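These notes are about the structure you will find just below.
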Amino acid sequence: MLGVSHATSGAAAGLAVAGFAQQWVEIDSSAGSVLTFATVCAGAALLPDLDHPSSMATKRFSVASWLASNVVRPLSGFVYDLTRGRRDTGKGTHRGLTHTVVAAVLLGLAINLASARWGTPVLVGTLFVCIALAIKGLDALVPGPPSLVIAAGLTYAVEEFVPGGTAGTAGWLGTAVALGMVVHSIGDAITESGAPLLWPIRIRRRSWYPVGTPRPLRFRTGGVVETWVVAPALTVATFLLAAYVVPGVAPFLLDLRVGFERLVAGG
């Protein structure tokens with residue numbers, strides 16, 4: 001799927017989970033924690049493509065992301081060769097390890113443990129990286145922004161000015177990373193190629209079986225369906241969810257509406 005689809009699907013999933021999480025477990029549901037979780041989820045939805053040398057995730061941070069990609073690709077290929085089934089074909093360096101639920105869960109657990117142990121530096125660092133990725137993923141909507149500078153400014157704004165900041169996500173922010181990566185892989189699964197979500201479970205003698213929807217329901221990456229149906233629908237869903245679940249947004253929008261109506265009536 002396109003970067004904009006991955007980013008918006010990650011944001012929508014993050015808003016839905018964080019926004020309703022207080023109904024399932026006792027966690028902080030401040031505006032800061034919901035926005036942090038959703039934003040990290042949106043950015044993490046581009047991380048699986050570190051296994052592609054020309055992807056947004058690989059090129060976003062220049063040397064750092066290039067080095068990460070050059071670690072991920074050989075590692076993915078090595079694990080692929082080590083665990084491949086009799087009918088698996090290919091090299092496993094793209095849509096391989098990073099497109100599995102196992103990899104997403106392991107990285108999420110690592111960030112959960114790190115954020116619980118070291119707190120703010122891990123939370124802020126994760127948020128910064130994911131904001132930059134999310135901005136790059138939205139290039140189709142806002143082309144060519146200086147994403148690292150904007151990401152630094154937005155990270156500072158969330159930490160300093162949004163009620164609750166990032167603090168409420170300590171110990172569970174990695175869940176947003178895992179969710180974003182899984183959302184990415186599910187998105188790829190409904191395109192023509194599928195994704196090995198269920199590795200290492202053997203399906204039809206393949207460990208890296210490309211899970212996907214029935215062939216007639218799949219669409220081409222960057223095609224008409226994604227560009228004109230999927231991406232716009234996800235964008236609208238993201239804005240609606242933000243208005244509904246982020247504390248303080250709905251009253252703010254209502255005040256704006258009342259103020260606008262008074263301005264029109266007075267004019």
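A few notes on this one:
- Comparison of Ala157, Ala176 shows that the only residue that is outside any loop (DSSP other than H, G, I, E, B), open to solvent by less than 10 Å² (accessible area, probe 1.4 Å) and over 18 Å from Gly212 (Cα atoms) is Ala176.
- Among the candidates Pro247, Pro163, residue that is within 30 Å of Val122 (Cα to Cα), in a loop (DSSP other than H, G, I, E, B) and at pLDDT below 75: Pro247
- Residues that are among the hydrophobic types (A, V, I, L, M, F, W, C) and touching a strand residue (DSSP E or B) at 6+ places or on another chain (Cβ under 9 Å) within region 142-187 comprise just one, Ile186.
- Counting residues in region 181-203 that are open to solvent by 50 Å² or more (accessible area, probe 1.4 Å), under 30 Å from Trp118 (Cβ atoms) and part of a loop (DSSP other than H, G, I, E, B) gives zero.
- Leading residue by the ranking (modelled with the lowest pLDDT) among those in region 61-96 that are surrounded by 19 or more Cβ atoms within 10 Å (Cβ to Cβ) and assigned to a helix (DSSP H, G or I): Ser65
The values are calculated or read from the model by the stated rules, or taken from the named source; none is laboratory data. The structure presented is a predicted model; accordingly, all values stated were derived computationally and were not measured. So basically every Cβ, Gly included, is an ideal-geometry build from the backbone, and we count neighbours across all protein chains shown. With ligands, DNA and RNA removed, areas are computed over all heavy atoms of the protein, side chains included. Shrake-Rupley method; radii C 1.70, N 1.55, O 1.52, S 1.80 Å.
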